[in-house]
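J.: Shown below is the structure under consideration.
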Amino acid sequence: MFSKVKSIGIFGIDSYMIEIEADVSGGLPCFDVVGLPDTAVKESRDRVRAAIKNCGYKFPTGRITVNLAPADKKKEGAVYDLPILIAVLLASKQIKLADNNCIFLGEVALDGRVRAVNGVLAMVITAFNNGIKDIFVPFENAAEAAVIEGINVYPVSTVKELIEHLSGEEQIVPAMYSPSSPVISEALDFADVKGQVAAKKAMEVAAAGGHNILLIGPPGAGKSMLAKRLPSILPDMTFEESIETTKIHSVAGVLDKDNPIITVRPFRSPHHTVSLAGLTGGGSVPKPGEISLAHNGVLFLDELPEFKRDAMEAMRQPLEDGKITVSRVQGSVSYPSEFTLVAAMNPCPCGFFGHPTKPCTCSQNAVRRYLSRVSGPMLDRLDLHVEVPPVDYKSLSDNVSAETSATIKERVNKARALQVKRYKGTGITCNARLTPKMLKEFCIMSSEAQSCLNQSFDSLGLSARAYDRILKVARTLADLSRNEIIEKENIFSAIRFRTLDRKYWME
C-alpha cells in the first residue's frame, strides 16, 4: 500500500516543502530510504523500526520504500523521523489520517519519545506561507513555533500521544505564544564606567546610528567594559528583527530553550583563535557563523590584531553588504549579517605605546608590524576610531554617579525613531546602512558644514568611503541633537572620529 505525508526541509535559513512517500509491498524484508538522504536520514530506518515496535504497533514485513521528494535536494538531519514513521503506519493501514493538510517534524527516540530539532521557526513560516493549517512539532520546539499566528502548532511529546490525537481518542491542545518583555542584565550598565566621557559618547553614536567602532588603548583602560555594555543602550528589537534573528539561532542549534524567541539584541564575542569557518559559517551545508549569529546585534572582536588575517578580511564584504554568502559543493547560502562591529585593540604588543606614565618596551618595527595586522581597507570600514586612555585615580575614586544606560538609551531611541520615520519604505532603518544615492537626499549640510568637509577631505587625504562614512556619522550626530540639517560641529565631530588612525598607523 502507498501513503503520503508532508514535512519540510531546510537549507540555510530557507526551507521548502517535502513529501514523504511510503510504499509497503510483498517481497523480502527491506527498508530503503531514497531521495538524497544523508547519514542521519538513512539511520532513521532503525529509529523508526524500534519506535514502532516499542509503541505497541506492528512493523510491516515485506519491502518498504520511503521516498523524500523532491529527490534532487539533499536531505539532512533527524527531522524526518516522525513523518517517516507516520507514513509507514499509514501505508500499513495501522492508522488513518483524516486531513493531509498538515506537517510532521521531529526526531524519534527508540522508545517513541519525540526529540527537538533545529530550524523549526523557519519551517513553520514556510508551512504557513503554503497554506498549511496544522503542524506537529516536538514539545520542546512548541514555544518557538507558536510565534507564528494563523497556524495550529501541536506540541508532541511521544508517538503514542500523536497517534491518539490523529485517531480522535485524546486531542492535543495547540500551543499558544506568550510574549515576554525583553530582559537585559542590569549588571551591565554604563554608570559603572568611570571617566571615558569621549568613549561613552562614541558608543552612544554607534548605538544611535548602527555604526562600527574601533576602541584603541592600553590594557585595563575599559575597552571590553565599554563594548559589553553597548547592548544595554541599543534600541529594542522589533518583532520582525526578533523573528529573523531567532531563525538564524534556531538553524545553528544555539537557541536558548528557556528563551525560545530572541527579544534582546545578541552579543557575540568570539575568541581571536576562531577559524574562518567559525566566523563566516561552514560545513558541507553551511551553518551560520559568528557574524550571522550577531545579526541585529553586536559582534565584539577583542584584541583585533590577534585574529587570523583571512578571518578578519572575510568581514569586509558583510560590513558593506549586510549579508554573507558561503559557497560549498551542496550550493551557496546567504545569511543576513547586519551587525554593529565593536573592535578593541592595544596600540602595540606590550600595550603601552603612547601611555602617559608607563614606557613602551616595543621597538618601532614591532609597533609597525603589530598595527599592520589591521589592514587599511578594514580600518576604512570602521566608522568611529576612538582612543580609550588610561583612567586616573581621581576619576576612579570619584563618587559622582555617571549617566545610566537607561538615560542614554532614551536619547538613542529618539534618534533611531527619527531614522525609522525618515527612511520609511526604503528598507533602511539606521544611518549606517544608507546607500551613496540616499546620502545626497538625506544628508543635507549647511554651507559651513560643506566648507569644513571640503577642507578636511583635501588636507587629510580621505577616501571616498571615508567621505561617505563621515556623512553617515554626522547624520547620526545631528539626529542626537534633533537637527534635520547637518551643522559644522556635526561634521567636525565626525571627522575627529576618523583621524585616530593617523596618530598610530601614519607615524
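The values are calculated or read from the model by the stated rules, or taken from the named source; none is laboratory data. As the structure is a computational prediction, the values presented were derived from the model and not from experiment. Because the Cβ atoms are built from the backbone with ideal geometry, glycine has one as well, and the counts that use them run over all protein chains shown. Please note that ligands, DNA and RNA were not included when accessible areas were found on the heavy atoms of the full protein model with its side chains. Shrake-Rupley method; radii C 1.70, N 1.55, O 1.52, S 1.80 Å.
J.: Could you check how many residues of region 1-32 are part of a loop (DSSP other than H, G, I, E, B) and open to solvent by less than 50 Å² (accessible area, probe 1.4 Å)?
T.: As a first pass, look at region 1-32 and keep what is part of a loop (DSSP other than H, G, I, E, B): 1, 12-13, 26-29.
Among the residues that remain, those that are also open to solvent by less than 50 Å² (accessible area, probe 1.4 Å) are: 12-13.
Count: 2.
J.: Regarding ALA87, is this residue over 27 Å from THR61 (Cα atoms), in contact with a Ser or Thr (Cβ under 9 Å, 6 or more places away or on another chain) and touching a residue at least 24 places away in the same chain (Cβ under 8 Å)? Outline the logic, then answer.
T.: Details: over 27 Å from THR61 (Cα atoms): no; in contact with a Ser or Thr (Cβ under 9 Å, 6 or more places away or on another chain): yes; touching a residue at least 24 places away in the same chain (Cβ under 8 Å): yes.
No, not satisfied.
J.: Would it be correct to say that ASP81 is open to solvent by 40 Å² or more (accessible area, probe 1.4 Å) and acidic (Asp, Glu)?
T.: Working: open to solvent by 40 Å² or more (accessible area, probe 1.4 Å): no; acidic (Asp, Glu): yes.
Here the answer is no, as ASP81 does not meet what is asked.
J.: Separate question: With free of Cβ contacts under 8 Å to residues at least 40 places away in the same chain, surrounded by 15 or more Cβ atoms within 10 Å (Cβ to Cβ) and under 9 Å from the mean Cα position of the chain (by Cα) as the only criterion, which of GLU338, GLU290 stands out? Break it down into steps so the answer makes sense when it comes.
T.: Values: GLU338 fails: free of Cβ contacts under 8 Å to residues at least 40 places away in the same chain.
Just one listed residue meets the conditions, GLU290.
J.: Restricting attention to region 90-101, which residues are within 25 Å of ILE10 (Cα to Cα) and buried (at least 20 other Cβ atoms within 10 Å of the Cβ)?
T.: Residue satisfying the conditions is LEU90 alone.
J.: All but one of (1) over 27 Å from ARG496 (Cβ atoms); (2) within 20 Å of the chain's Cα centre (by Cα) hold for ARG229; which doesn't?
T.: (1)
J.: Still on this structure: Just one of the numbered conditions (1) in a loop (DSSP other than H, G, I, E, B); (2) open to solvent by less than 70 Å² (accessible area, probe 1.4 Å); (3) more than 20 Å from ASP189 (Cα to Cα) is not true of HIS385; which one?
T.: Here HIS385 meets the rest and fails (1).
J.: Within region 418-461, work out how many residues are more than 16 Å from GLU489 (Cα to Cα), open to solvent by less than 60 Å² (accessible area, probe 1.4 Å) and among the hydrophobic types (A, V, I, L, M, F, W, C).
T.: So the answer is 9.
J.: Does PHE300 qualify as being open to solvent by 10 Å² or more (accessible area, probe 1.4 Å), of a type in the set (Phe, Trp, Tyr) and in contact with a helix residue (DSSP H, G or I) (Cβ under 8 Å, 6 or more places away or on another chain)?
T.: Numbers: open to solvent by 10 Å² or more (accessible area, probe 1.4 Å): no; of a type in the set (Phe, Trp, Tyr): yes; in contact with a helix residue (DSSP H, G or I) (Cβ under 8 Å, 6 or more places away or on another chain): yes.
Answer is no for this residue.
J.: Another one. If you check GLY253 against the conditions, is it in contact with a helix residue (DSSP H, G or I) (Cβ under 9 Å, 6 or more places away or on another chain) and either surrounded by fewer than 22 Cβ atoms within 10 Å (Cβ to Cβ) or free of Cβ contacts under 8 Å to residues at least 24 places away in the same chain (or both)? Break it down stepwise before answering.
T.: Numbers: in contact with a helix residue (DSSP H, G or I) (Cβ under 9 Å, 6 or more places away or on another chain): no; either surrounded by fewer than 22 Cβ atoms within 10 Å (Cβ to Cβ) or free of Cβ contacts under 8 Å to residues at least 24 places away in the same chain (or both): yes.
It is false that GLY253 is in contact with a helix residue (DSSP H, G or I) (Cβ under 9 Å, 6 or more places away or on another chain) and either surrounded by fewer than 22 Cβ atoms within 10 Å (Cβ to Cβ) or free of Cβ contacts under 8 Å to residues at least 24 places away in the same chain (or both).
J.: For region 33-60, what are the residues that are open to solvent by less than 70 Å² (accessible area, probe 1.4 Å), of a type outside the set (Val, Ile, Thr), outside any loop (DSSP other than H, G, I, E, B) and within 28 Å of TYR335 (Cβ to Cβ)?
T.: Residues satisfying the conditions are PRO37, ALA40, SER44.
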